[in-house]
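> Take this structure, written in structure tokens, and hold onto it; I'll ask about it next.
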Amino acid sequence: MYGWTGNILRINLTDRTHKVEHFDEEFAKKWVGGRGFALKILWDELKPGIDPLGPENKLIVTVGPIAGIPAPNTGKTVVAAKSPLTGGYADGNLGTRVTEQMRKAGYDLIIIEGKSAQPVYLYIEDDKIQYLPADEIWGKGTYDTHDWLYKKYGKGAGVLSIGQGGENMNLYSMVRSLEGRAGGRPGIGAVMGSKKLKAIVIKGSKPIPVADPEGMRKLGLEDLRKVGEIDKKTGWSIQGTTGVLAWCNEVAALPVHNMRKTHHPDAWKIDGERLNNARVATYGCPNCTMRCGITILDHEGHESELDYENIGMLGSNLDIFELDQVASLNYLCDDYGLDTISAGAVLAFYADAIEQGAIKGDFKFGDAEMAKKLLGMAARREGEVGNLLADGTLRMARKIGHNSEAYAMQVKGLEISAYNCKFIPGMALAFGTSPIGAHHKESWVITFELKQTARDSYGPEKAAKVIELQRIRGGLFEFIVACRFPWIELGWELEHYVEYFNKTTGLNWTLNDFWKVADRIYALMKFFWVREFPFWDRTRDYPPMIWFDPKNADTDGPIAGKYLELDKYNQLLDYYYQQRGWDKRGIPTRKTAEALDLKKEADQVEKFTKLE
Amino acid sequence: MSGSNIKITVKLIGPFINQLGFSEKTMEFPAGATVDTVLSSLPLDPKRPKIITRNGQAVTTGEKLGDGDRLAISPLYSGG
């Protein structure tokens, strides 16, 4: 078998034991890697209803067959677990040297079970596994933690760590790597913290099994160069993702004031142009020649690396239009190991609830200094307010009451990314059907909606586009594991990834083979949710109710007076379910499951709910 | 406004700003000018996919523009 090492490293933190297990080619071809591997392991090994923050939950670290080899944007690793934030399946990917080092250490999958009695970090070097005391780094932020580990193991090591957010089980804490970024929005950092696992350090020295090593090496290096050249020619990295901010402001899709507004006259103060002008450094993940990270100095003088989501959620959504202050909030989230998207949504929801009179408090939109204090309280779970803010918007709304759930901007418990869909039906569907809760990484259909179709259409073409993008973004890029940016931003065709896959594995797949895997994964992710929530119905695929409220419609700008219509959204959901072969509850039918080779899984889910 | 010209505010997004050397500019065009008229006046790569909106709404390249319209020209993105 080429492409995969076939090795699973299973670590138990309770008794500090480990063993190496193996998977066969059938497993590899059925689930490919990354999200596919993580999902299948969690489905097979987790009992439904377990406490996500208990020792029964499992933390998965995994890569795909092209991960870590020199080729465009292959530096990504997937982290996954049952989510403490949503109660459903959760994963995320992040750029990190762990990707390459894990492959070189000889593993495609690491399964971390149990719970350490004391704070610990893992050191993995090929076959050597050490459980080391984390006393000196427990309580520290991700920057200090990484620095401490790099001093000990050198800059070439791959490191994943949590900050105070994960240690204190803030439910939107993430796993971070200073060699890339952060991943695992739905509280994967909290799962790591619940196991008292502060960090994972990996070094490897073995060859990655590639069917055509010389051909792949030559192709990968050449393509890295080409992608870099296209990036230079098109200038994409000048603003990176932050170019989106000015565009969202133009088309009334910017999150402003807890997404109650869609555009703002001061948005230009925090846009990509201003960010590029303030740039002090450029940042990128391993194996990347289109480095999109723009680092500026924050209000306190720290270097803070920003992208669009950070600025949208910690800036405009909080009515904060001072770039250095947005950078400060971003720096704190990175250091505490908090998801910037959820953190921005939580603070905005808190300010909104106070403004609506649903709860008493002294935080107002636009107050950057108080926002900084609140982030620290949320990361450390300090006091009643810190604990309230640490649990995410859905739990906050259920505690606060007064119908505040309507403006808790989340789906399935995960906060919506920085695209305000007050009147963007297809993107609302993309958030609604995102399989880990609202996340833009699965399907980003806005440009299609505003370029090729009528914005107010709820037609089947939008459902079809959401599915097409989910197959590519939530499927292909999440299981071969690579960054999607070269594809749309630089026009780097998907066929390149097929070629990398085939040269690595020695197989002869086409894109259609990948789509079947993607559909299988999406069906099993839905089964995972249904197994956890057996009385599943379509309302769990709804965006927040405020987007359907005529009183919430913009009073000026491009979508003045417009709002989403619930009956039409339901029709759009029907189109989506029909095209996927799912029933009206949003659950894959038995026929669909069996066509995707999920008969055994369908039998298992039928112990919880009847399939159509 | 001179003669029967119309004024269009052109807002560029992302790298187009660096390529053309301005971020936002009000420009004059003859009455009856279309989106294409504006595009052909700008040294942008015609082959590069773009999203173009007029006053925040999708627009086709053949559509006629009105005085005071705001035209935003953006490259494709796949999200943040």
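> In percent, how large is the relative contact order of region A:15-101, given Cα pairs closer than 8 Å and 6 or more residues apart?
Once normalised by length, the contact order is 25 percent.
> While we're looking at this one, here's another question. Over all alpha-carbon pairs in region A:7-203, figure out the percentage whose distance exceeds 25 Å.
Every Cα pair in region A:7-203 considered, those over 25 Å come to 25 percent.
> 222 nm [θ] for chain A, helices only, -39500 (n - 2.57) per DSSP H run of 4+, per residue, to 500?
It lands at -11500 deg cm²/dmol.
> What's the magnitude of the charge dipole for the protein assembly as shown around its Cα centre, counting Lys and Arg as +1 and Asp and Glu as -1 at the beta-carbon? Answer in Debye, nearest 20.
Here the protein assembly as shown has a charge dipole of around 900 debye.
> So how much slack lies between A:LYS607 and A:GLU229, counting 0.36 nm per residue of separation and subtracting their Cα-Cα distance, in nm?
130.7 nm
> What percentage of all Cα-Cα pairs in region B:5-75 are separated by more than 17 Å?
33 percent
> Just want the ordering: A:GLU45, A:GLU442, A:GLU384, A:GLU355, from fewest to most Cβ atoms lying within 10 Å of their own Cβ.
A:GLU384, A:GLU45, A:GLU355, A:GLU442
> Taking neighbour Cβ counts within 10 Å as the exposure measure, how do A:ASP223, A:ASP127, A:ASP574, A:ASP541 sort from fewest upward?
A:ASP127, A:ASP574, A:ASP223, A:ASP541
> Full extension from A:ASP147 to A:ASP15: what is 0.36 nm times the residue separation minus their Cα-Cα distance, to one decimal in nm?
Computed gain between A:ASP147 and A:ASP15 is 44.7 nm.
> In addition: Mind jotting down the distance between the C-alpha centroids of region A:291-360 and region A:171-207, whole Å?
21 Å
> So for region A:223-360, averaging the separation of alpha carbon pairs under 8 Å that are six or more residues apart and normalising by length, what relative contact order in percent results?
Answer for region A:223-360 is 23 percent.
> If you don't mind, another one. Can you give me the Cα centroid spacing of region A:1-21 and region A:210-266 in angstrom?
35 Å
> Further, regarding this structure: Pull out the extension gain between A:LYS568 and A:ALA211, defined as 0.36 nm times the separation in residues minus the alpha carbon to alpha carbon distance; nm, one decimal.
Contour length minus the Cα-Cα distance gives 123.5 nm.
> Taking R0 as 22 Å, what FRET efficiency do you get between A:LYS399 and A:MET370 from their Cβ-Cβ distance, rounded to the nearest 0.05?
Here the calculated transfer efficiency is 0.65.
> A further question follows. Over region A:144-212, what number does the Rg to Rh ratio reach, with both radii from the alpha-carbon atoms and Rh per Kirkwood?
For region A:144-212, the value is 1.07.
> Determine, from the Cβ-Cβ distance of B:THR37 and A:ALA454 and an R0 of 30 Å, the FRET efficiency 1/(1 + (r/R0)^6), rounded to the nearest 0.05.
0.80
> Could you give the nm distance between label points at A:THR539 and B:THR9, where each point is 7 Å from its Cα heading toward the beta carbon?
The modelled label-to-label distance comes out at 4.3 nm.
> Between A:ASP24 and A:GLN578, what FRET efficiency comes out of the Förster formula 1/(1 + (r/R0)^6) with R0 = 45 Å and r the beta carbon distance, rounded to 0.05?
Once the sixth-power term is evaluated, E becomes 0.80.
> Could you grab the relative contact order for chain A? Cα pairs under 8 Å, six or more apart, rounded to a whole percent.
Relative contact order, chain A: 15 percent.
> In nanometres, what is the gap between the two model label sites at B:GLU63 and B:GLU24, each 7 Å from Cα along Cα-to-Cβ?
Label at B:GLU63, label at B:GLU24, 2.0 nm between them.
> Semi-axes, largest first, in whole Å: what does sqrt of 5 times each Cα gyration tensor eigenvalue give for chain A?
So the equivalent ellipsoid measures 33, 28, 25 Å along its semi-axes.
> Hey, which lysines would be in cross-link range of A:LYS364, C-alpha to C-alpha under 26 Å, not counting anything within fewer than 8 residues on its own chain?
Excluding near neighbours in sequence, the set is A:LYS261, A:LYS269, A:LYS372, A:LYS373, A:LYS399, A:LYS422, A:LYS551.
> Right, here's the next one. Quick one: which residues, 5+ away or cross-chain, put their amide H under 5 Å from the amide H of A:THR17? H built at 1.01 Å from N.
Distant-sequence amide H within range of A:THR17: A:ASN12.
> Here is a follow-up. Tell me, what HN-Hα J-couplings in whole Hz come from the Karplus equation 6.51 cos²θ - 1.76 cosθ + 1.60 at θ = phi - 60° for each residue of region A:170-177, using x for Gly and Pro?
4, 6, 10, 7, 10, 9, 10, 9
Any read-out appearing in this document is the output of simple, stated calculations on the displayed coordinates, not a laboratory observation. Fair warning: this is a prediction, and the values are worked out from it, not measured in the lab. Virtual Cβ from ideal backbone geometry, glycine too; neighbours counted across all protein chains shown.
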